[in-house]
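The values are calculated or read from the model by the stated rules, or taken from the named source; none is laboratory data. Please read all numbers here as calculations on a predicted model, not as lab measurements. Ideal geometry is used to build each Cβ from the backbone, glycine not excepted, and the neighbour counts take in all protein chains shown. Calculation scope for accessible area: heavy atoms of the full protein, side chains included, ligands and nucleic acids excluded. Shrake-Rupley method; radii C 1.70, N 1.55, O 1.52, S 1.80 Å.
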Amino acid sequence: TIWMLSETGDPLWEVLEDQERKQSKCTAKINTGQNRTTTTTLILGNQLGYSADDEKLLLGTPSVRKVSLGSLSLLTSQCITITHHYLDRLFELELSEESDELMYE
């Protein structure tokens, strides 16, 4: 997964929730007993944004999706912190769902 951070992208939390729902459905259908691993890359611009050439290259790549943390401009460090929080929260939700499943088996 490659995410291009942009003020005009899809809300990151919604993208993560949607991705988790899709993965849960796949896992429910094919339970291999293996842990799921997903490599995610977050591309951040500087305070000026992406150059026209960079944006054209990134958006021309099918695996790149524009995501947003909101309409306000944030410092890079803030973007990284918020993204980590979202990923940690999603991981906690996955662990809680797995423990619920084990409890009811």
Q | Number of the exception - ASP18 against (1) open to solvent by 70 Å² or more (accessible area, probe 1.4 Å); (2) at pLDDT 80 or above | A | (1)
**Q.** Residue selected from the range 37-53 under the condition within 18 Å of ASP88 (Cβ to Cβ) and surrounded by 11 or more Cβ atoms within 10 Å (Cβ to Cβ), by the criterion modelled with the highest pLDDT
**A.** LEU42
Q. Do you know which residues across the range 54-67 are within 13 Å of ILE2 (Cα to Cα) and open to solvent by less than 80 Å² (accessible area, probe 1.4 Å)?
A. LEU58, GLY60, THR61, SER63, VAL64, LYS66, VAL67
